[in-house]
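Notes to accompany the following structure.
Since every read-out is calculated from the coordinates, none of them should be taken as a lab result. This one's a predicted model, so the numbers in the text were calculated from it and none came from an experiment. When we count neighbours, we look across all protein chains shown, and the Cβ atoms used for this are built from the backbone with ideal geometry, even at glycine.
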Amino acid sequence: MKQPPSPVSGTLEQVYLLERDAGLMCRILGLYAARGVDVLRVEYAYAAQDVMTLKVGVTPLSGEGCADVLRVLVARAASLVGVLAAAEVPLAEQRSQSQQAAVAVL
């Protein structure tokens, strides 16, 4: 049985701030599906009355075009009406945050 990748070492994350709209969230996730990007994790939470955050964790694509595909995907999602902000979370930043959390637990 194949083990799922570690959420820290094998995941790239994009974060969106968007208007509270389930249809918009589905359109963003549809962009990932259209480009064949494997989504490992999706988290959403309400940030304010009519605003929500959406975090999408994906498996890194093999090959040189990985960064370009994700950069274009985030730019395309940011251009949708209702998306207030979009950003990629660097993998190194994710690792340092998880290491700090692990040290805090110990």
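General observations
- Protection proxy ranking of 43-51, 16-24, by the mean of other Cβ atoms within 10 Å over each peptide's residues and highest first, is 16-24, 43-51.
- Of the two radii for the range 20-70, the radius of gyration is 1.04 times the Kirkwood radius, both from the alpha carbons; that is the Rg over Rh value.
- Once backbone amide H atoms are built at 1.01 Å from N, A47 has M52, T53 as its partners under 5 Å, excluding neighbours fewer than 5 places away on the same chain.
- If R0 is 25 Å, the Cβ-Cβ spacing of C66 and A45 corresponds to a FRET efficiency of close to 0.40.
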